Amino acid sequence: MRRKEYYSLSKKGQNVTINIYGDITKYSWWEEDYGATKLARDLEQYDQIDNIDVFINSNGGSVSEGLAIYNILQRHPAKVTTYCDGFACSAASVVFMAGDERIMSNASLLMIHNAWMYVEGNAEELRKLADDLEKITEASVNAYMNHVNISRDELKEMMGNETWIDSDDALEKGFCTSVVQEEQQVANQSVSAKVKELLSNSSYKLRNTSDVTCVGSFGTGNTGMTKEVFESVKLFIDEFNETKAKIIEEQKEKEAIEVAEKKEEKKYINFFKVLAEGVEQDD
């Protein structure tokens, strides 16, 4: 069975598209597999292109490969735009930072953490490996710090806590430069934000995922939610459903208008067609 390659590159006109959809690895199991070395060779022949678009959905992989791809893209004279299509975790988040423009969907996530490895050895060897890991992590820190607007200490704390970063936080902290979201998603998110604000300002704290389930289904489990907070959350969810219904209704009205316009247009076309046929008969 052929192993799916994690990397592909294609060119159209003055634009190159790179897809990183899978683990970033330096080990080639098959001739078709790609790594940073292959990427470097590929881009050498495209040194006159204008744009490079990099689409990422990856759980990460090799730190050295991620850093190499980051530096290759940073050195290239073309404008580089990176897109987080799903996850850009670990080494993949470093690659994401290579973009002059870094675009996330509001349904995508970054994840950053300290470098780690499987090791064995005596106490002295393990102490040295711990020191080496800190230096390896610093290289990733430097890549992030070239773009983010937070302090080095805050960044290192986030990495130490293995932090998942949504699009809003990424935009605020400088990990991404813009967020793509649809009109309906904006309406959904505005209601969601109200609920989050309410819960964060109340004495109620989500303790586990079962609590979230109870909120969504209005269950009566022991969630620790006060009646006041429960009713407020229910009000916001009702508002969400009303907003969603309104959007759907507006979309249906828009589609009905488009159908009517097409019918009217067809009537005029038929009218002129008959008129044209009459002129031909008179001739």
Filter on Lys26/Lys79; Lys128/Lys173; Lys11/Lys173; Lys12/Lys156; Lys79/Lys173 - keep pairs with C-alpha separation over 28 Å: Lys128/Lys173; Lys11/Lys173; Lys12/Lys156
Counted neighbours (other Cβ, 10 Å), sorted fewest up, put Val119, Val180 in the order Val119, Val180
Nearest 0.05, what FRET efficiency do Asp50 and Ser178 give at R0 = 25 Å with Cβ-Cβ as r? 0.80
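All of the numbers you see were taken from the coordinates with simple rules; none came from a lab. Treat the numbers as computed from the prediction; the structure is a model and nothing was measured. Counting neighbours? That spans all protein chains shown, and the Cβs are built from the backbone with ideal geometry, glycine included.
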